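Worksheet: the structure to be examined is printed underneath.
Just so it is clear, none of the values below were taken in a lab; they were calculated from the coordinates. What you are looking at is a predicted structure, and each value in this text was computed from that prediction instead of being measured. In this analysis, Cβ positions are derived from the backbone assuming ideal geometry, glycine residues included, and neighbour counts consider all displayed protein chains.
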Amino acid sequence: MVASLSTLVLLLCVISTVAWYSCLYFLKLNNNTQKKTLPPGPPGLPIFGNLLSLDPDLHTYFAGLAQIHGPILKLRLGSKLSIVITSPAMAREVLKENDTVFANRDVPAAGRSATYGGSDIAWTPYGPEWRMLRKVCVLKMLSNATLDSVYDLRRNEMRKTVSYLYGRVGSAVNIGEQVLFYFINKY
């Protein structure tokens, strides 16, 4: 009796939580669409968005959606709104002519914690600070003098990798693992 009662209470809590988040999701969705017009797209589920309907062959999935909704469409991937562009002309306009407008991206929680709040070259928004970081990276870290200073180390690691692969001739080798070991120097 007690076990079934606790199960019933748990079930009611889960149902009410899902209903509450669904209501919030739809209220937020209606509020956002009043402020800005979004391109058309398939409807999504409240918490998952369109994640559950994604096909493993994304190119055919997006081509099918473009037949229905047009060359620019919206998808909700979880709580994130994504805009998909399937037309080459629109892709050229976004990626070439307006690249500085679309260059910035959201910093994920892992990126914020690993890079002191997203203050590295990968997550800094495009602007003077990003250009300064890029200049430092190119001039100091990727200069010929810096690369030449670690030439012996790179050559030794490459020799270790080649000798490991040569010793395993005829047997299966996980190339991805070996490339990872080569790059992080973990022999």
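Once label points are set 7 Å from the Cα along Cα→Cβ at both ALA145 and ILE121, what is their separation, rounded to one decimal in nm?
According to this spin-label approximation, the distance is 1.7 nm.
Computed FRET efficiency, Cβ-Cβ of VAL162 and ARG131, R0 30 Å: what is it to the nearest 0.05? Display every interim value, and only then the final one.
Numbers: r = 39 Å, r/R0 = 1.30.
Computed FRET efficiency for VAL162 and ARG131 comes out at 0.15.
Grab the chain and count how many Lys pairs have their alpha-carbon atoms under 14 Å apart, sequence gap of 8 or more, or different chains.
Numbers: LYS28/LYS36; LYS28/LYS80; LYS36/LYS74; LYS160/LYS186.
Going through the chain pair by pair, I get 4.
Compare GLY64, GLY41, GLY167 in a GNM of the chain, Cα atoms joined below 10 Å, and give the one with the largest fluctuation.
GLY167
Just in region 123-187: which trypsin sites (Lys or Arg not before Pro) are loop by DSSP and have at most 13 other Cβ atoms within 10 Å? Don't skip to the answer; put the middle values down first.
Values: sites: ARG131, ARG134, LYS135, LYS140, ARG154, ARG155, ARG159, LYS160, ARG168, LYS186; in loops: ARG168, LYS186.
Answer by residue number: ARG168, LYS186.
Rg/Rh for region 42-157 to two decimals, with Rh computed the Kirkwood way over all alpha-carbon pairs. Numbers along the way, then the final one.
On the way: Rg = 19.9 Å, Rh = 17.9 Å.
Looking at region 42-157, the ratio lands at 1.12.
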